[in-house]
Amino acid sequence: MARRLGLVYQKLYSFFGSQHWWPADTPFEVMIGAILTQNTNWLNVEKAISNLKKHKLLQPHRLYKLSHKRLTELIRPAGYYNIKAKRLKSFLKFFIEHYDGNVKTMSCIPISSLRQQLLSVNGIGPETADSILLYALNRPVFVVDAYTKRILLRHRFTGEDASYDKTQNLFMKNLKSGVKLFNEYHALLVKLGKEFCLKNKPRCDICPLK
């Protein structure tokens, strides 16, 4: 399994090159983006992030003090703005109350403990929590998303009933643990899922993994 996963990575990296993911100026921006990107595409998230930047609101305390109505107006491009505004507020409340909005303080907490804390926040599931851990805090945790599950299923690495944890463990138990590798591998799978391994009408005949 380790050899198969390694071969997939080599093929994808050779074909696509480095993805330079996650595109953000600060770790806090990554955290906000991880919540905003739920159930939408990244272009919409970029528009919402841009709105927050224009008003200099990408700071924990400033964003937390913002009214719900104003927040929904600014993040509207990301879709599901009422739900996401509530989720952002829940995360900001947690981030400020536990860590005073300080990324460095938060990053000192052991992975398992911090992951459980994040999962206890309303609106944060495994994918969002792991995205924050990997991309914002540089912790070696593999992120699993719909693209990952689809690709693994079609290439018979997993079955249809594979859970998030089972899929994640497939990578974490068979790859050398490392932030850079986990970051790049996940980004490459996303790229493959967006351009070749489509949900409908996949381009299998020209897939890099063919």
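Going highest first, how would you order 166-173, 145-152 by mean Cβ packing within 10 Å?
Details: 166-173: 16.8, 145-152: 18.9.
Those peptides, ordered most packed to least, come out 145-152, 166-173.
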Most fluctuating residue given options Leu92, Leu58, Leu153, as computed from a GNM of the chain linking Cα atoms under 10 Å: Leu153
Between helix 2-16 and the chain: long-axis angle, C-alpha atoms, 0 to 90°, nearest 10: 70 degrees
Cross-link partners of Lys86 among aspartates and glutamates (Cα-Cα below 16 Å; sequence separation of 8 or more within a chain): Glu73
Cα-based Rg / Dmax (Å) for the chain: 17.6, 52
0 to 90° range, to nearest 10: angle between helix 164-174 axis and the chain longest Cα axis: 60 degrees
Long pairs among Lys54/Lys89; Lys166/Lys210; Lys104/Lys149; Lys84/Lys149; Lys89/Lys199; Lys69/Lys194, criterion Cα-Cα beyond 28 Å: Lys104/Lys149; Lys89/Lys199; Lys69/Lys194
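Per residue and in cubic angstrom, what volume does the convex hull of the Cα atoms of the stretch 27-136 have? It would help to have the intermediate numbers written out before the result.
Values: hull volume 9.4 nm³, N = 110.
Hull volume over Cα atoms, normalised by residue count, gives 85 Å³.
Taking the Cα centre of the chain as origin, work out the dipole magnitude from +1 charges on Lys and Arg Cβ and -1 charges on Asp and Glu Cβ, in debye rounded to 20.
Values: 34 positive and 15 negative charges, 66 e Å.
So the magnitude is around 320 debye.
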Relative packing of peptides 193-199, 183-189, 71-77, 15-21 - highest average C-beta neighbours within 10 Å first: 183-189, 71-77, 193-199, 15-21
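Only the coordinates and a few stated rules stand behind these numbers; no lab work does. Note that this is a predicted model, so its numbers are computed, not measured. So basically every Cβ, Gly included, is an ideal-geometry build from the backbone, and we count neighbours across all protein chains shown.
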